[in-house]
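Notes follow once the structure below has been shown.
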Amino acid sequence: MADYRMLINGELVGSGARLDVINPATGEVLAQAPDCSREQLDAAVAAAQAAFPAWRDTPHAERAAKLGEAAGIIQAHGEELKSLLTAEQGKCHDEAFFEVMGGAGWLQAVASLDIAEQMNPTEPGRSSRTVHVPIGVVGAISPWNFPVLLSMWKVAPALAAGNTLVLKPSPFTPLTILRIAELLKDVFPAGVLNVVTGGDNLGPWMTSHPGMDKISFTGSTATGKKVMESASRDLKRVTLELGGNDAAIVLKDADIATSAKALAWGAFRNTGQVCINAKRIYVADEIYDDFAEAFVAEVESYVVGDGAEQGVQLGPIQNKRQYERVRDLLADCRANGYSFLTGGEETGEGPGYFLPLTVVDNPPDESRIVREEPFGPVVPLLRYNSVDEVLERANASEFGLAGSVWGADLDIAEQVAMKLETGTVWINEIHQVSPFEPFAGHKQSGMGVENGLAGLLEYTLPKTITRALPAG
Ligand code: NAD
């Protein structure tokens with residue numbers, strides 16, 4: 001078994017205690033990861049604090065060059081990292097490769113963003129400018145569904161802006177990030193990039209650590225609230241990217257074949273474990289039956305299995321806890337007598353955390369499968385009669401992450417998009433995210449922004465310097 005170690009102060013370090021990492025396609029232990037002690041976390045934070053002044057004062061172009069070098073190393077190891085990511089996360093090789101390359105691409109792209117200084121209007125005889133300075137030590141906490149990409153969404157802006165970092169991936173998927181840390185060990189000065197892995201104590205230790213200046217968290221809304229509460233005690237800055245229950249609205253003039261195909265992938269990609277998957281698909285009554293038929297045909301064409309096998313498109317659910325949660329939602333659908341257009345019944349065949357791809361036929365709005373974020377391979381199709389009605393139903397959610405609108409008349413689609421209460425809306429497409437586009441969860445889907453200039457600014461503090469100019 002490979003030896004996975006953390007990166008603290010430029011050194012690869014193991015730990016006394018270790019955590020098992022499970023391959024979700026087989027249920028077997030794949031490897032072990034270090035279980036960071038409190039003293040080791042203290043050491044990582046102290047290293048990040050010590051490295052901060054020099055990294056802050058390093059010219060942006062030099063920091064950007066280091067990020068570019070890191071991206072190149074990740075790209076050069078793309079094949080190896082892809083296989084490791086599939087083994088621990090479950091996603092198929094194509095998706096794992098896309099994620100690894102996307103993570104590298106993010107490092108390069110964010111490094112190219114420039115924060116301009118701003119001259120402020122003043123009365124005569126004074127000048128005033130505002131610059132953006134890094135915050136200090138950032139604690140980054142990422143989830144298990146896109147362990148590499150969503151970690152890089154934090155590493156790239158934090159380091160580009162001149163902060164130092166302690167990154168903690170999910171205990172369910174620590175290995176690819178640990179391997180990346182090993183590969184990048186000598187790229188950044190010691191202490192600039194630290195990576196720690198551990199169990200349930202480690203996240204709360206980070207969010208309450210007095211040496212951390214900012215927490216950037218991606219995960220569930222429930223955990224995000226705990227993070228914010230903990231970080232509030234010493235007013236750490238926070239960015240929270242949280243859960244979603246994205247609505248897709250299929251208008252009556254939508255192209256049925258293309259929207260059904262795109263939305264089937266939009267709902268089941270990564271076996272439903274994407275924060276921005278379509279999780280409630282509202283279809284105009286006039287086209288509901290034809291859409292449902294095309295949608296189900298597409299879903300039934302997907303090849304499900306061990307992501308390491310050739311041809312597999314969708315892997316298992318990533319971990320046992322999530323598997324049990326989705327099973328519970330399926331059981332709730334069955335207990336309430338909702339009908340399934342496909343799936344719904346478990347075969348009970350092992351090994352691995354597999355559940356049937358399931359489409360629920362028009363369950364009530366109050367059902368759990370409509371109100372909750374399943375984060376698994378089950379999606380409801382919902383009938384609607386008017387645009388006003390569907391907007392009211394789509395917006396009746398505590399979540400506001402993203403959504404999509406599908407229709408031939410782009411002006412009408414745009415009007416609907418403007419009324420969806422979410423941070424992102426796609427028209428006739430889905431899942432489009434970019435390092436140059438701000439991505440912000442509205443309502444309980446988040447706090448703050450990732451990506452784009454606005455996302456980069458979240459890793460800085462404005463600093464205004466004024467002068468009284470010499471007379472004359
Ligand atoms: P999670 O909230 O259980 O865990 C996320 C991370 O937080 C993990 O690293 C975990 O170890 C850590 N953690 C757990 N408890 C903590 C605590 N009390 N303090 C600090 N850290 C703690 O989420 P998950 O199950 O890993 O991910 C799935 C969720 O993430 C879904 O709700 C999904 O929608 C959401 N998500 C959101 C986005 C987004 O950009 N908005 C992206 C991906 C996933």
Heavy-atom accessible area per residue, the range 247-427, 1.4 Å probe: how many Å²?
-> 41 Å²
Over all Cα pairs of the range 115-174, how is the pair count split among 5 Å bins, expressed in % and running from 0 up to the last occupied bin?
-> 4, 17, 19, 14, 11, 9, 8, 7, 5, 4, 2, 1
Sorted largest first, extent of the range 329-447 alpha carbons per principal axis (Å) | 46, 36, 28
In Å, the C-alpha Rg and Dmax of the range 204-327 are 19.4, 58
Relative contact order (%) - criterion: Cα under 8 Å, at least six apart; region: the chain | 19 percent
Calculated log₁₀ intensity ratio I(q)/I(0) where the Debye formula runs over C-alpha points of the range 266-355, q = 0.11, 0.18 Å⁻¹ | -0.36, -0.98
Could you calculate the contour length gain from residue 98 to residue 465, that is, 0.36 nm times the residue separation minus the distance between their Cα atoms, to one decimal place in nm?
-> 127.8 nm
Expressed as a whole percentage, what fraction of the accessible surface of the chain belongs to carbon and sulfur atoms when a 1.4 Å probe is rolled over the protein heavy atoms?
-> 52 percent
Karplus-derived 3J(HN,Hα) from phi for the range 171-180 (6.51 cos²θ - 1.76 cosθ + 1.60, θ = phi - 60°), whole Hz, x at Gly and Pro, runs x, 6, 9, x, 6, 5, 5, 5, 5, 5
Cα pair count fraction exceeding 26 Å, expressed as % - the range 19-144 = 47 percent
Counting DSSP beta bridges in the chain, what percent are antiparallel, to the nearest 5?
-> 45 percent
Hey, what's the per residue convex hull volume over the C-alpha atoms of the chain, in cubic angstrom?
-> 154 Å³
Tell me, how many Å apart are the Cα centres for the range 265-307 and for the range 8-51?
-> 37 Å
Compute the Rg to Rh ratio over the range 236-295 from the alpha carbon atoms, using the Kirkwood formula for Rh, and round to two decimal places.
-> 1.12
Inverse of <1/r> over all distinct C-alpha pairs of the range 247-427, i.e. the Kirkwood Rh in Å, gives 16.5 Å
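The values are calculated or read from the model by the stated rules, or taken from the named source; none is laboratory data. All figures in this text were calculated on a predicted structure; none of them were measured in a lab. Accessible surface areas use protein heavy atoms only, side chains included; no ligands, DNA or RNA. Shrake-Rupley method; radii C 1.70, N 1.55, O 1.52, S 1.80 Å.
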